[in-house]
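Q: Input: one structure, supplied below.
The values are calculated or read from the model by the stated rules, or taken from the named source; none is laboratory data. All values reported here derive from a predicted model rather than from experimental measurement. Neighbour counts run over all protein chains shown; Cβ positions are idealised from the backbone, glycine included. SASA here: full protein model, heavy atoms, side chains in, ligands and nucleic acids out. Shrake-Rupley method; radii C 1.70, N 1.55, O 1.52, S 1.80 Å.
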Amino acid sequence: MRAMPRIVRRGTISVPGDGTFEETSFFEPVTTELKAIRKAGNARYEVVFVIGQGPIGLLLTFLARDAGATVLTSDPLPFRRKMSVRFGAAAAFDPAVDDLAGEVRKHRGGMAADAVLLAVPDPKLVPAALEITRPGGRLLLFAQNDPSMQIQFPAAAVGVEEKEILGSYSASVDLHERSADLVFKHRAVFRDLISHRFQLESITQAFAMASQPTDDSLKLVVLP
């Protein structure tokens with residue numbers, strides 16, 4: 001793999017002598033998601049709701065909590081809701097049975113979330129995410145990257161209630177060192193995200209599981 005000189009100068013981080021390949025595999029998602037947390041606003045003392053608690057959603061939950069937010073989450077899978085609490089959520093809800101907007105308002109005395117992070121690539125969830133967002137709050141789309149995807153939402157949510165819809169993609173070189181510090185400081189927690197390990201000859205099975213997650217699957221690692 002060839003890196004351009006400017007990337008080598010500003011975009012590389014030395015792995016600690018005791019760092020493992022598995023731990024280092026978290027650096028890219030953490031630096032990408034840390035950028036998203038920063039873009040979603042100052043999370044300190046705020047209520048942040050993360051929709052989706054797969055590997056990416058769980059890392060968003062952890063980073064929002066680390067930034068000082070009270071974090072609420074949702075996911076249809078019981079195992080992922082349990083892991084959500086492990087990663088810092090104050091409460092994790094089942095979107096199939098719980099009224100998410102109602103639960104948020106109940107949690108904070110009638111007001112919705114200051115920021116909502118949508119970590120599921122489903123355009124139908126955007127209106128629901130706006131319902132969870134307070135007037136003047138922010139909704140950050142973290143998984144809506146398909147160029148053919150079209151999203152519909154009530155115009156009044158933006159035009160009248162002044163809710164902001166934001167996007168975030170890729171990383172920021174200015175956050176690399178902070179991201180590396182987080183990965184290696186919390187390596188024991190992050191390792192809990194790895195639910196399955198595959199040998200290289202079984203990579204087809206790994207892609208199949210990544211496409212259709214099982215009840216107990218999270219981050220998948222292919223070992224060279």
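Q: Search the range 23-39 for residues that are open to solvent by 20 Å² or more (accessible area, probe 1.4 Å) and pair each with any residue that is part of a helix (DSSP H, G or I) when their beta-carbon atoms are under 7 Å apart and the residues are at least 6 apart or on different chains.
A: Hits for this filter: Phe27/Ser179; Phe27/Ala180; Phe27/Val183; Lys35/Leu175.
Q: Here's another thing I want to ask about it. Under the condition of being in a helix (DSSP H, G or I) and in contact with a strand residue (DSSP E or B) (Cβ under 9 Å, 6 or more places away or on another chain), which residue from the range 1-32 is nearest to Arg138 (Cα to Cα)? It would help to see each step written out before you state the result.
A: Residues of the range 1-32 that are in a helix (DSSP H, G or I), as a first pass: 5-10, 21-24, 27-32.
The next check asks that each one be in contact with a strand residue (DSSP E or B) (Cβ under 9 Å, 6 or more places away or on another chain); those that pass are 21-22, 29.
Details: Phe21: 35, Glu22: 33, Pro29: 21 Å.
Going through the qualifying residues, I end up with Pro29.
Q: I'm checking my understanding of the structure. Among residues of the range 55-78 that are closer than 22 Å to Glu23 by Cα and more than 12 Å from the chain's Cα centre (by Cα), which one is most open to solvent (accessible area, probe 1.4 Å)? Talk me through it step by step, then tell me what you get.
A: Let us first name the residues in the range 55-78 that are closer than 22 Å to Glu23 by Cα, namely 55-67.
Applying the additional criterion that residues be more than 12 Å from the chain's Cα centre (by Cα) yields 66-67.
Values: Asp66: 66, Ala67: 37 Å².
Ranking the candidates gives Asp66 first.
Q: I would also like to ask the following. Can you find, within the range 164-207, the residue that is most open to solvent (accessible area, probe 1.4 Å) among those that are of a type in the set (D, E, K, R) and part of a strand (DSSP E or B)? Write out each step before concluding.
A: Within the range 164-207, the first condition is being of a type in the set (D, E, K, R), and the residues that meet it are 164, 174, 177-178, 181, 185, 187, 191-192, 197, 201.
From the residues that got through so far, the ones that are part of a strand (DSSP E or B) too are 164, 197.
Working: Glu164: 93, Arg197: 121 Å².
For the range 164-207, the residue satisfying everything is Arg197.
Q: Of everything in the range 113-132, what is open to solvent by less than 30 Å² (accessible area, probe 1.4 Å) and in contact (Cβ under 8 Å) with a residue 40 or more places away in the chain? Give them in sequence order.
A: Taking the range 113-132 and keeping what is open to solvent by less than 30 Å² (accessible area, probe 1.4 Å), we get 113-119, 126, 129-130, 132.
If the condition is that a residue be open to solvent by less than 30 Å² (accessible area, probe 1.4 Å) and in contact (Cβ under 8 Å) with a residue 40 or more places away in the chain, then Ala113, Asp114, Ala115, Val116, Leu117, Leu118, Ala119, Ala129, Ile132 are the ones that fit.
Q: Something else about it: Can you tell me which residues in the range 62-114 are in a loop (DSSP other than H, G, I, E, B), within 19 Å of Arg44 (Cα to Cα) and hydrophobic (A, V, I, L, M, F, W, C)? Break it down stepwise before answering.
A: Within the range 62-114, the first condition is being in a loop (DSSP other than H, G, I, E, B), and the residues that meet it are 67-69, 75-77, 87-90, 94-99, 108-112.
Going one step further and asking which of them are within 19 Å of Arg44 (Cα to Cα), we end up with 67-69, 87-90, 108-109, 111-112.
Scanning the range 62-114 gives Ala67, Ala69, Phe87, Ala89, Ala90, Met111, Ala112.
Q: What is the one condition in (1) closer than 24 Å to Leu34 by Cα; (2) without any contact (Cβ under 8 Å) to a residue 12 or more places away in the chain that Val183 does not satisfy?
A: (2)
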